[in-house]
Amino acid sequence: MDHASLLERLRGVLGEEAEDAGLLRPAAGVDAAQQEWVERVFDICKAHLGSRPEARTATYMTDAANLLKAYAGAPTLVLGPGEPQMAHQTDEWCSMERIRQAVAMYEATIKDWCRL
């Protein structure tokens, strides 16, 4: 989303005194599709999920974009047990099986990264 355009639209509704106040901070997207390490993680995931994930676009914010500001160039992906459509809902939940799968994938990824 173009934050400058959004601010202009807000000013059109709220008046010229509308200010960003630092709330509209553009963050670069996380592009994992071409990273060799991410491909390796997807191979690890296949062993736990039964199928290999594919890189795709998400329309929500995660801490990954902010972490990349501090760790520019670090291999990065968003991988967790939750269902995106459940995030930040009143009755948000996550199945125990998905949590167990995530733990197993995190452990395998750490061991692979550390060559253990």
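The values are calculated or read from the model by the stated rules, or taken from the named source; none is laboratory data. Predicted, not measured: the structure shown is a model, and the values here were computed from it. Here the Cβ is made from the backbone with ideal geometry for all residues, glycine too, and neighbour counts use every protein chain on show. What goes into the accessible areas is simple: the full protein's heavy atoms, side chains included, and nothing from ligands, DNA or RNA. Shrake-Rupley method; radii C 1.70, N 1.55, O 1.52, S 1.80 Å.
Checking MET105 against (1) touching a helix residue (DSSP H, G or I) at 6+ places or on another chain (Cβ under 7 Å); (2) of a type in the set (A, V, I, L, M); (3) farther than 16 Å from LYS46 by Cα, which test does it fail?
The number of the failed condition is (3).
Return the residues of the stretch 63-77 that are over 13 Å from THR109 (Cα atoms) and either surrounded by fewer than 15 Cβ atoms within 10 Å (Cβ to Cβ) or touching a strand residue (DSSP E or B) at 6+ places or on another chain (Cβ under 9 Å) (or both); say none if nothing qualifies.
Once the filter is applied, which keeps residues that are over 13 Å from THR109 (Cα atoms) and either surrounded by fewer than 15 Cβ atoms within 10 Å (Cβ to Cβ) or touching a strand residue (DSSP E or B) at 6+ places or on another chain (Cβ under 9 Å) (or both), the stretch 63-77 yields ASP63, ASN66, LEU67, LYS69, ALA70, TYR71, ALA72, GLY73, ALA74.
Out of the residues in the stretch 90-102 that are under 26 Å from SER51 (Cβ atoms) and outside any helix (DSSP H, G or I), state the one that is most open to solvent (accessible area, probe 1.4 Å).
My answer is TRP93.
Consider only pairs whose beta carbons are under 7 Å apart and that are at least six residues apart or on different chains; among these, list those whose first residue lies in the stretch 34-61 and is free of Cβ contacts under 8 Å to residues at least 60 places away in the same chain and whose second residue is among the acidic types (Asp, Glu).
ARG52/ASP43
Keeping to the stretch 78-89, report how many residues are open to solvent by less than 70 Å² (accessible area, probe 1.4 Å) and either part of a loop (DSSP other than H, G, I, E, B) or in contact with a strand residue (DSSP E or B) (Cβ under 6 Å, 6 or more places away or on another chain) (or both).
Here the count works out to 6.
Working only within the stretch 52-62, note down all residues that are under 23 Å from TRP113 (Cα atoms) and open to solvent by 70 Å² or more (accessible area, probe 1.4 Å).
Hits for the stretch 52-62 are ARG52, GLU54, ARG56.
Of ALA64, ALA74, which residue is at pLDDT below 85 and not in a loop (DSSP other than H, G, I, E, B)?
Answer to the selection: ALA64.
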